[in-house]
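Report on one structure; see the data block that follows.
The values are calculated or read from the model by the stated rules, or taken from the named source; none is laboratory data. Every value quoted in this text rests on a predicted model; they were computed, and no experiment measured them. Cβ placement follows ideal geometry from the backbone for every residue including glycine, while neighbour counts extend to all protein chains displayed.
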Amino acid sequence: MAQTVSISFLKDQLSHASTDPQRLALTLALCDQARNLHPDTLLVYANTAWHLAGVLGERTAAIRALYYISYGLTGNGSIDTALSRIDEGLGLLRRHPDPALAGDFYNQKGRCYMRQSDYENAIRMGYEVIRNGELSDDTLLQMEGKTLIGWAYLEMGRNSESLYWHLQALHTTNDEESRGRYAILLANLALNYGALGQNDSAFYFISRAIRYARKYENLFALSNSLAIEAQLLVRSGQPQLAEDPLKETVAIRKQIGDPFYMVSDMSQLGIYYANNHQPDKGIAITREGIDIARKYHIDTKLAFLYNTLAENYRSAGDDSDYTSTLQKIISLKDSMYRKNSAQALAEMRAKYELQKKENTIIAQEFDLKRKNYLFYGSLFLTLVILSSAYAIFRNNKKQEQLKLDAMRRDEKRISLLAVAAAEEKERRRIAADLHDNLGAYAVSLASNIDFIERHLSTGEERDVYVQLRNNSQEIISQLRDTIWVLNKDELCITAISDRIKLFVNRIGPSHPALTIDIVERIGHDLPLSSPQAFHLYRILQEAIMNALRHSHGSRLVIDISSDRTWRIIVRDNGQGMRAGTSPGNGIANMKSRCTEEGWSIEWQTGGEGTAVILCPLTG
């Protein structure tokens, strides 16, 4: 049975094809559904296309079929054979260049290296994919290459570099449909943000990934996204919601039949069962995963699977099987250690032999030229001695001055460190005092006001009550914002963006007629000091409130970008406002804060609405 509507349609069309060219075109179209097909099924179609292309003399179609053969071989765990087919295809493309098709082969080769944990070569393949994508003006191929590099850094635990490359992939195009059709990128972004502890962004991207994967019938992306969603739910303290996405993930993996991901998901589900007191289910799913891993020689996953099995035995109180499984884990790790040690020794030996040969060649060349160099060497040595004597004389004269300068620098550095430590201690003390004293009084004030409400009689008294209640809530909100900044040594642009999101969520219901959107384009997450973060947050609060009070518009956009420097624009579509027209001291305070931090702020009004543009001074 076909897995998707598209596959069902193509199979039906293929069954009614009457000519070999039609059959070839439809078979290749089915191969294009590789991410939704079982590897064995894909290999049947790919080999059929290879045969038809040979009969018809269609060289490009034959190379495409070879690519899908390598894809299917990768999926069923035959990595060495897949690499051989990839090199065969690249050899053909060197004689008959096609940058887009070459990019597909390099991407597939990168996937093979990833499954062998050869991240350095996987990254090298990612650059090749990007280069061929640029040569063929293929946006999707460029996104795939950048995503491959980000994936490699993710597996190495280098989350910041991984996030950088995944954001580069996302910003390759502004076309939302193109991003949606490549939902695995959105899933990887969610995984990045989750690893960095930014759960709001992680859930935002994973929900988009799942939605688009279902919309465009991408089963591979859907299964990955569901597994990541389950992981995020567990990390955020909602493990009871993780079972359904995990079950759906395992079901899809079995359907599309990629054992590499299948056994990983089974182990993840087994851990869930162990931690939720369902060891019988955990033991069953983990044993099934071990059988699949052994069948497809996925040795790197066995230790993980046996560890999950041991956790379930312990949860079940089966001490005997728990102990024997632990012994099995030790044996697997010893075997892996010996394998890795042997490999490391072989690499060291190869490097040693190469260096030894190079040293021999250098020695022979030196021996041949030594006689010619002897005279010039003696002359040069005499000059060096004379120069050295002069240099020593001058150096001794400078040493005392250098020592004195070093002492002054050390004294200055120690003084700065002492000041910084004192400032940090005082800042934390103020934050604690605000929280413990003023915070407690503010909360008590709000509670007392609520008590007063029950004893009010006239409408005028109730108006006064509303004002008191709003003011007390604003005091609490301002205290929380201040304590948030004071408790941090420094804050990055994403942290400020997340705080603005909370602020917008808090005030949004009071302004239902105006839609507020936050756009983030953060390539490099620049850090700000605690005072800078406080000033920036207050400036943005004032800009937003000015737009809400005075623009009379229907939409407000907060555009936050950060790469080599940062830039934030607060833009509304209202009636327009010149700087200085807002009542009170808000505009003056915004300018004062910017002057203090060395930032630029300007108001632009043209046509419709007002834009407040904030960025560091470049001069």
Fill in the blank from the handout: Going through (1) of a type outside the set (Lys, Arg); (2) touching a His at 6+ places or on another chain (Cβ under 7 Å); (3) outside any helix (DSSP H, G or I) one by one, Ile518 fails only at (2)
Exercise for the section: Would you check if Arg506 is at pLDDT below 90, over 26 Å from Leu189 (Cα atoms) and not in a loop (DSSP other than H, G, I, E, B)? Expected result: yes
Fill in the blank from the handout: Of the listed residues (Ala221, Ala293, Ala284), the one being modelled with pLDDT of 85 or more and within 30 Å of Gln327 (Cα to Cα) is Ala284
Exercise for the section: Run down Leu167, Leu226, Leu185, Leu222 and say which single residue is among the aliphatic types (A, V, I, L, M) and touching a strand residue (DSSP E or B) at 6+ places or on another chain (Cβ under 9 Å). Expected result: Leu167
Exercise for the section: Among the residues of the stretch 213-227, write down those that are on the phi < 0 side of the Ramachandran plot, surrounded by fewer than 24 Cβ atoms within 10 Å (Cβ to Cβ) and in contact (Cβ under 8 Å) with a residue 12 or more places away in the chain. Expected result: Lys215, Tyr216, Asn218, Leu219, Phe220
Exercise for the section: Six or more apart or on different chains, Cβ under 9 Å: which pairs go from a residue in the stretch 81-106 that's of a type in the set (D, E, K, R) to one that's outside any helix (DSSP H, G or I)? Could you list them? Expected result: Asp98/Ser136
Practice task
Check Asn188 against each of (1) surrounded by fewer than 24 Cβ atoms within 10 Å (Cβ to Cβ); (2) of a type outside the set (A, V, I, L, M, F, W, C); (3) in contact with a His (Cβ under 6 Å, 6 or more places away or on another chain) and name the one condition it does not meet.
Solution key: (1)
Practice task
Determine if the stretch 541-548 includes at least one residue that is within 30 Å of Leu189 (Cβ to Cβ) and part of a strand (DSSP E or B).
Solution key: no
Handout entry: Which numbered condition Gln168 fails, given (1) modelled with pLDDT of 90 or more; (2) more than 20 Å from Met125 (Cβ to Cβ)
Key = (2)
Problem - Residue count for the stretch 1-30, restricted to those that are of a type in the set (S, T, N, Q), closer than 20 Å to Arg214 by Cα and surrounded by 16 or more Cβ atoms within 10 Å (Cβ to Cβ) - result: 2
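Yes/no matrix, rows are residues, columns are (1) in contact with a Ser or Thr (Cβ under 7 Å, 6 or more places away or on another chain); (2) within 21 Å of Phe503 (Cβ to Cβ):
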{"residue": "Thr565", "(1), (2)": "no, no"}
{"residue": "Gly574", "(1), (2)": "yes, yes"}
{"residue": "Ile601", "(1), (2)": "no, yes"}
{"residue": "Val612", "(1), (2)": "no, yes"}
Handout entry: So Tyr68, is it touching a residue at least 60 places away in the same chain (Cβ under 8 Å) and not in a loop (DSSP other than H, G, I, E, B)
Key = no
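Quick one: in the stretch 194-242, of everything that is aromatic (Phe, Trp, Tyr) and in contact with a Lys or Arg (Cβ under 9 Å, 6 or more places away or on another chain), which residue is farthest from Asn505 (Cα to Cα)?
The residue in question is Phe220.
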Exercise for the section: Might you let me know whether the stretch 120-140 holds any residue that is touching a residue at least 40 places away in the same chain (Cβ under 8 Å), out of contact with any strand residue (DSSP E or B) (no Cβ under 9 Å at 6 or more places or on another chain) and not polar (S, T, N, Q)? Expected result: yes
Practice task
Quick one: in the stretch 254-278, of everything that is without any contact (Cβ under 8 Å) to a residue 60 or more places away in the chain and closer than 19 Å to Pro39 by Cα, which residue is surrounded by the fewest Cβ atoms within 10 Å (Cβ to Cβ)?
Solution key: Lys254
Exercise for the section: List the helices (runs of 4 or more DSSP H) that sit entirely inside the stretch 198-260 and contain at least 2 residues that are over 21 Å from Gly282 (Cβ atoms) and among the charged types (D, E, K, R). Expected result: 199-215
Practice task
Would you please list the contacts, defined by Cβ atoms under 8 Å and residues six or more apart or on different chains, that run from a residue in the stretch 279-305 that is within 14 Å of Arg115 (Cβ to Cβ) to a residue that is part of a loop (DSSP other than H, G, I, E, B)?
Solution key: Tyr296/Asn76; Tyr296/Gly77; His297/Gly77; Ile298/Gly77; Thr300/Ser117
